[in-house]
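The values are calculated or read from the model by the stated rules, or taken from the named source; none is laboratory data. Remember, predicted model here, so these are calculated numbers, not experimental data. All Cβ positions, glycine included, derive from the backbone under ideal geometry; neighbour counts span all protein chains shown. To get the accessible areas, we keep the full protein, side chains included, count just its heavy atoms, and leave off ligands, DNA and RNA. Shrake-Rupley method; radii C 1.70, N 1.55, O 1.52, S 1.80 Å.
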Amino acid sequence: MEFNKDRALTRDSAVSTLLQHWDMPCDIEAVPLAEAYGRIAACDVFARANAPFARVSSFDGIAVRSSDFEKGMPDASSWQRNRDFAQADTGDDFPDDFDAVVRIEAVGFNEDDVPRFTQELEVLPGTGVRKAGSQVREGELLAAAGKQLRPEDVALIAAGGHDSVSVKRRLRVAYLPTGNELAAIGSCPSRGKTYQSNGLMIRGFVTEWGAEFLEHDIVADDRDLLGRAIDDLLDSADILLINGGSSRGSEDYSSQLLEQRADYFAHGVLAVPGRPIGMSVIKGKIAINVPGPMMAAWFACDWLLRSLLMRYQEQSANERLTVTAIADEQLKSRPGFERLARLVARKEADGIHVSSLQDNATLAASVRRVNAFYAIGPDETVEPGEAIQIQLLGTKASSLM
Ligand SMILES: Nc1nc2c(c(=O)[nH]1)N[C@H]1C(S)=C(S)[C@@H](COP(=O)(O)OP(=O)(O)OC[C@H]3O[C@@H](n4cnc5c(N)ncnc54)[C@H](O)[C@@H]3O)O[C@H]1N2
Ligand code: MOO
């Protein structure tokens, strides 16, 4: 499909327009707690019971009657276990005859199991006792709706008496690779063939961003076959990604096929790489024609798919660390287009410096070395020595600071 700059959208307007037209699913499912990590709580979760259920000992020690200590340390030479005192280790319940706990460090026992206090202690009602509900109170909020559940949230929900939790259903993202030149990964390299490698990258992103990945076999550049695959996948998926065929090649049908079916359709974004992206909403579902070149696909995932999936999960898409860096070379965009720059950042004595890879750098060098991102605004020129705010891509912040 022909790129028409006058009709192309900015990245921000593309995201917001798609969000506006998308009939975002709101299904909920209950999952066992062991499967709840990273899921989004669908409703507020409240504690069903106190934890501890009844008061327990705060220490490893012995449970005693505080009344025996009213006049100072008692003579315990006639005390008997389970009559005058009882074992009460940390977190243990103990008989209701007792109302305080003395740490084991302050007690010695003779060979007849008779205790002797080795320290002066103040023992009042409740000393050494953790109250019922002191960890979790019945009815207390454990996780608010919309929260992405961390391991400690999952444990807390269990401590509050649940064994499952209601979460948002995972979005189903279908992936349809298309192109006569595409070959299955692992097949013999041969002339005219390109491995269908983008699928593995996109599968990784989709699962990392909390959705389910449904991969279709490679579909040849055939209008009917492609149309049928689009219709089938839109029946089962929430979001469809067609990879390839977004531009002007003689067999680039993907965007046309989306446009024919779409209630909303836009082709092209004012950003490179990835400008011939096709974006549509078909019967309330989002279908995106992701451009074929790997880095164009990387960016389409990064600025568009990630924003949609994060919005569904009520999370922010902007969690990357932003740092100030000095540009070592001129960074320029093409008039009217943002240039999405994958950069190499490194720490030097006077701060962090960034540069781009050479024009003839391979894809492999880009994947290996790039660790930062900067969107050079339309018509912006960053001069050598200028400070810019870069985003760090999955870099351990400590390695640059
Ligand atoms: N005459 C013009 N040519 C091109 C234009 C243009 O405006 N006029 N736009 C260029 C731009 S910009 C981009 S971006 C690409 C878009 O390409 P398509 O989306 O049409 O993708 P294909 O042509 O099918 O493939 C391009 C390239 O990517 C490889 N590819 C595709 N899918 C996969 C996959 N799943 N895994 C790995 N690699 C894949 C494919 O083999 C090709 O090498 O168009 C420019 N051309
Ligand atoms: O939009 Mo494309 O610049 O070749 O990736």
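Numbers for the structure displayed
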{"read-out": "Simple spin-label estimate for L225 and A365 in nanometres, 7 Å along Cα-Cβ", "value": "3.7"}
{"read-out": "Qualifying trypsin sites (Lys or Arg not before Pro) for the range 69-122 [loop in DSSP, other Cβ within 10 Å: at most 13]", "value": "K71, R83"}
{"read-out": "Residue with peak Gaussian network fluctuation, the chain [Cα springs, cutoff 10 Å], from G128, G284, G227", "value": "G128"}
{"read-out": "Gained length - C26 relative to D96, 0.36 nm times residue gap less alpha-carbon distance", "value": "20.3 nm"}
{"read-out": "Probe 1.4 Å, accessible area per residue of the chain, Å²", "value": "50"}
{"read-out": "Under 29 Å from the Cα of K71 - lysines, other chains or at least 8 residues apart", "value": "K131"}
{"read-out": "Cα gyration tensor, the range 322-400 - rounded (a/c under 1.5), prolate or oblate", "value": "oblate"}
{"read-out": "Estimated vicinal HN-Hα couplings, Hz - the range 83-93 in sequence order (Karplus 6.51, -1.76, 1.60; Gly, Pro = x)", "value": "10, 9, 7, 8, 5, 8, 8, 3, x, 7, 6"}
{"read-out": "Heavy-atom accessible surface of the chain: percent carbon and sulfur, 1.4 Å", "value": "47"}
{"read-out": "Centre separation in Å (Cα based) which lies between the range 1-79 and the range 212-288", "value": "38"}
{"read-out": "Surrounding net charge for S58, when Lys and Arg each add one and Asp and Glu each subtract one, Cβ distance under 12 Å", "value": "+1"}
{"read-out": "Full-extension gain in nm, R346 to S13, via 0.36 nm per residue minus C-alpha separation", "value": "116.6 nm"}
{"read-out": "Highest-fluctuation residue, A345, A364, A49 considered, GNM on the chain with Cα pairs under 10 Å", "value": "A364"}
{"read-out": "Per-residue ³J(HN,Hα) for the range 342-357, Karplus 6.51 cos²θ - 1.76 cosθ + 1.60, θ = phi - 60°, Hz, x for Gly and Pro", "value": "8, 10, 10, 9, 9, 8, 10, 4, 9, x, 8, 10, 10, 8, 9, 6"}
{"read-out": "3J(HN,Hα) from dihedral phi, the range 68-80, Karplus parametrisation 6.51/-1.76/1.60, rounded to Hz, x for glycine, proline", "value": "5, 10, 4, 9, x, 5, x, 7, 9, 5, 9, 6, 10"}
{"read-out": "FRET efficiency for D235 and E314, using Cβ-Cβ distance with R0 set to 22 Å, rounded to 0.05", "value": "0.25"}
{"read-out": "Three semi-axes of the equivalent ellipsoid, the chain, Cα gyration tensor, whole Å, largest first", "value": "62, 27, 18"}
{"read-out": "Choice from S247, S355, S66 showing the highest fluctuation, given a GNM over the chain with Cα pairs closer than 10 Å", "value": "S66"}
